[in-house]
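Some notes on the structure that comes next.
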Amino acid sequence: MQRHGKEKILEVKGVRTYYGKAQILFDMTFSIRRGEAAVLLGRNGAGKSTTLKSVMGLVSPKQGEILFKGRSIAGLPTYKICSLGMGYVPEDRRIFAGLTVAENLEVGRRPPRAGFEPWTPERLYDLFPNLQVHKDRLGGRISGGEQQMLTIARTLMGNPELMILDEPSEGLAPVIVDQLAATLENLKQDRVTVLLAEQNLGFAGRICDRAFIVDHGAVCHDSPMHELSAGVCERFLAV
Amino acid sequence: MGPFIVQFLTGLSNASALFLVAAGLSLIFGVSRVVNMAHGSFYMVGAYVAYFAISWLPKGGFWFWGGILIAAVVVGLLGTVVEVLLLRRIYRAPELFMLMATFAVLLVIQDLALWVFGAEDLLGPRAPGLDGSIQILGALMPEYDIALILIAPLVLVGLWFLLNRTRWGVLVRAATEDREMLAALGVNQKRLFTGVFFLGSFLAGLGGAVQLPKGGADLLMDLNVIAAAFVVVVVGGMGSIPGAFLAALILGELTSFGVLFIPQSTLVMMFFVMAVVLVIRPYGLLGKPEGVEHTVSELAQWPLRKASRKLRVTGAVLAAVLLAFPLFAGSFQLILIGEIAMFALACMSLFFITGPGGMVSFGHAAFFGGGAYAAALFVHHVNTPMELALLLAPTCMALLALVIGWFCVRLSGVYLAMLTLAFAQICWAVVCQWGRFTGGDDGVLGIWPSPWAGNEVIFYYLAIIISGGGILALRYLLFTPFGYAMRACRDSRLRAAAIGIHVRRRQWYSFAVAGMFAGLAGGIYVFSKGSVFPYEMSIPRSFDILLSVLLGGIHSLSGPVVGSAAFIGLEDLISRVHFWRLILGSIFILLVVCFPQGIAGYFSARFAKEPGDQEAGSERSG
Ligand SMILES: Nc1ncnc2c1ncn2[C@@H]1O[C@H](COP(=O)(O)OP(=O)(O)OP(=O)(O)O)[C@@H](O)[C@H]1O
Ligand SMILES: [Mg+2]
């Protein structure tokens, strides 16, 4: 277990989000410290993705506060939130199908973080050799798993301080999942904070220090990952 | 052989300006999803600015080309101003509203151009050093045309390089695919959009400027070129710049050789090529099919309701007032109200396919004006009595709509709309160019009602009964199985198909029904006016109808009636003023900026209850 700074990098307080007239998040509240890796666990439809989208400004919360590095970001346009140092990997990959793999990476490129080695396509190709092989192929013409790698690599190109990933292990072969877990571990070494939404408990358990259990649009249980009891899992995660 | 080669090269040079305009249009649409009606205006302004820049600058080849470049940059900046001041405020508004905004810009620019540049057609200056001709196997070819031929490929290569080899270009291409994801990767779309608008308008301005020595500058260029650009874009495939290039070449050659064989028929030839291409490749030569529908139509949130008690009472009161109207109104008011009623029928027929049918038409005047012409020509050439002409007009328009609709229903959304506009422009061109049969610009005069209906009060009743009857019939149709199936097709093509509805055929029929009723409205209209002119079939007429529908609100069945009353009233008020287009355009711009969700949307949002209240969205009734 790694020691974390005191600084809270992300605070979500009492967020309520609607899709049209349907309320999805009910007073969603949690916070993460810098360098920590946290996971939102919950059943399908619990509101994990909606929480992440609210943080990114992809849907705007009706009420509540979101602080990133102490600064209120609720209501900011998405691109500004991103440029403050947040990276987002969506659950449906959203590769630019008409752009090549290399061009997809280029879209994600942002200035380096002071004091840390910036991500380059070469470093990412080392990490995901499949992408190297297909680097001139169109994004729409690579396999689903390769697209999953690409969407993660593309976000890394932005050198985020807080990396938000929505079910990154979905659709990947076990070897690749292992590799992904190792990558995320390495990110923590670089003091990158990680926020996951996951169904895959095993994967989450390998990377994360904290677990927030989401049910019906609110956090109903919050504990260090290793203290997550079988009972809690049974109650909130069994489908 | 010589003349043939010269004709071929002339075709290539015709293609140049067309390609520049179409490429800009395609680029802007691809990124921002704005169908920029004002794009043709940018082309026109480019020609005028080039004219004045070149005449102010010193003589000589360097300054000539400098003047052309200045014109393109000025137009690019104009486009940027329009984007920043107007479009940026309304990107979230429904697509149709953005269209209304750009059309308003077109109106404003028309009058501003008249004011600033004057009404006279300008003859373009000769290009220094390129004002001679060269001999090709005994035939003469203007040197400037050769220069034009080189411009299009140069621009094509430049654009290719920009879009594929620069970071900016990669971001632009990404934006055409998924703007939200682009934002999530930290890209400021506002700046990107502004840049694309600059580039697109720059290209339009460049197109207008380079054709100046060949075609000069006049105030009709805007609408002429926008229709041609739509054809190019549809034939080439929306969003594909090489496609636009290819299509511009084909259509340029066609106009060039068409003139040789069948003068006056160039637009018909364009139509023919477009028809052939769309039958074989519905998304154009190099276009990609649109993605499968992701979302249910926005309009599905506004179920149509049968008339509520309140509306029935209002309708009955309105009918009573209309019937009693001749008792206390003068002949001027009778004519005005009669025309509002006919126009309302035309609007209702457009609403019929646009609202419940989900097919936006930019060319509905083809049927309205077409009906007017059909009736007028029967009367004029074969002395058809009014009663028969009123039957023949809708019949002819139903047939025309069947032909046009057969092509249009193969497409959807903006593609469909552009195609309707192109068809309408072709119909308009036929009427204009076939002077011996249609009277050309002089129109058809002296079309009066039968003697029994000659009395203005009787004619008023006739107009009210025909128009009101048509409106009620269309309304009734929406609540029959035909109407339900039609709305099902709009809300979800796939699901409608899955329950056994032949979607395309259903849309085709509803298109024909709409054409028929618009034709009926046009038929009675011509007897009220006594004459008909090509304006009734032109793009501005189509937009009069579309704007009225939008004004009244696309969500509600009574919208078209309210909208047309508002529109005709407004037009009657301001059309006597100089520069009324400027005023009308400004009013529309204001409306769009103040009510970006549409007027109906504004009021329903304003009076809607708190979220969670299920009733709030569905309270509007027919
Ligand atoms: N665009 C949308 N419009 C309306 N409702 C939505 C939309 N997206 C999600 N929902 C609803 O919001 C609720 C929460 O969805 P969300 O995607 O946040 O769940 P999730 O926890 O990520 O589930 P999963 O594990 O399946 O990804 C669900 O009931 C879903 O149906
Ligand atoms: Mg999810």
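Brief remarks on what is shown
- Taking label positions 7 Å along the Cα-Cβ direction at both B:Phe8 and B:Gln135, the computed distance is 2.1 nm, reported to one decimal.
- Computed E for B:Trp448/B:Ala119 - FRET, C-beta separation, R0 30 angstrom, nearest 0.05: 0.35
- Charge dipole magnitude, Cβ of K and R +1, D and E -1 - segment B:304-613, Cα centre, debye nearest 20: 1180 debye
- Cα-based Lys pair tally, chain A, threshold under 24 Å, eight or more apart or on separate chains: 29
- Modelled label positions at B:Thr314 and A:Asp190, each set 7 Å beyond Cα in the direction of Cβ, lie 6.1 nm from each other.
- Pairs of alpha carbons in chain B whose separation is greater than 38 Å (percent): 33 percent
- Residues with amide H under 5 Å from that of B:Phe579, placed H, sequence gap 5 or more: none
- Among B:Asn36, B:Asn14, B:Gly2 - extreme Cα towards positive end, dipole of segment B:2-280, charges at beta-carbon: B:Asn36
- Cα-projected label distance for B:Phe332 with A:Asn44, points at 7 Å along beta-carbon direction, nm: 6.9 nm
- FRET E, pair B:Val321, B:Ala497, Förster distance 56 Å, beta-carbon r, rounded to 0.05: 0.80
- P(r) weight above 24 Å for segment B:2-280, C-alpha pairs, percent: 50 percent
- Rounded to the nearest 500, the 222 nm mean residue ellipticity of chain B from helices alone is -24000 deg cm²/dmol, with -39,500 (n - 2.57) taken per DSSP H run of at least 4 residues.
- In terms of surrounding Cβ atoms within a 10 Å radius of their Cβ, B:Cys489, A:Cys233, B:Cys594 rank from fewest to most as B:Cys594, A:Cys233, B:Cys489.
- Going by neighbour counts of Cβ atoms within 10 Å, the residues B:Thr420, A:Thr50 line up, fewest first, as A:Thr50, B:Thr420.
- Likely footprinting exposure, B:Val232, B:Val81, fewest C-beta neighbours within 10 Å first: B:Val81, B:Val232
- Electrostatic dipole magnitude of the protein assembly as shown [Cβ: Lys, Arg +1; Asp, Glu -1; Cα centre; debye, to 20]: 1360 debye
- Computed FRET value (nearest 0.05) for B:Phe161 with B:Lys190, which takes r as the C-beta separation and R₀ as 25 Å: 0.50
- Between the residues B:Ser450, A:Ser83, B:Ala393, the greatest Cα displacement towards the positive end of the dipole of the protein assembly as shown, with unit charges on the Cβ of Lys, Arg, Asp and Glu, is found for A:Ser83.
- Each peptide in B:216-226, A:19-29, B:166-176 receives the mean, over its residues, of other Cβ atoms within 10 Å, and ordering these scores from highest gives B:216-226, B:166-176, A:19-29.
- All other residues whose Cβ lies under 14 angstrom from that of B:Leu130 are scored, Lys and Arg at +1 and Asp and Glu at -1, for a net of 0.
- Cut-off 19 Å (backbone N to label point 7 Å along Cα→Cβ of B:Ile458), residues of segment B:322-337: B:323-327, B:331-332, B:334-335
- Packing order of peptides A:153-160, B:53-60, highest average first: A:153-160, B:53-60 (average count of other Cβ atoms within 10 Å over each peptide's residues).
- Stretched out straight at 0.36 nm per residue, the stretch from A:Leu84 to A:Gln63 would grow longer than its current Cα-Cα span by 5.4 nm.
- For the peptides B:243-251, B:280-288, residues were scored by their other Cβ atoms within 10 Å and the scores averaged per peptide; the highest-first order is B:243-251, B:280-288.
- Furthest towards positive pole of dipole, B:Gly500, B:Thr314, B:Gly469, structure part chain B, Cβ charges: B:Gly500
- One chain, two ends: B:Lys288 and B:Val81. Fully extended at 0.36 nm per residue, the span grows by 71.4 nm beyond their Cα-Cα distance.
- P(r) weight above 45 Å for the protein assembly as shown, C-alpha pairs, percent: 36 percent
- Counting only DSSP beta bridges with both residues in chain A, the antiparallel share comes to about 55 percent.
- This model, with +1 at the C-beta of Lys and Arg and -1 at the C-beta of Asp and Glu, gives segment B:2-280 a dipole about its Cα centre of some 820 debye.
- Of all complete DSSP H helices in chain B, those with a Cα span along the helix axis of 27 Å or greater and a mean Kyte-Doolittle hydropathy of 0.5 or more are B:2-32, B:61-85, B:95-117, B:143-165, B:189-210, B:241-261, B:309-328, B:331-354, B:386-408, B:413-433, B:456-478.
Values quoted throughout were computed directly from the atomic coordinates according to the rules given, and no laboratory measurement underlies them. If you're wondering where the values come from, they're calculated on a predicted model, not measured in any experiment. Don't worry about glycine lacking a Cβ; one is built from the backbone with ideal geometry, like all the others, and counts go over all protein chains shown.
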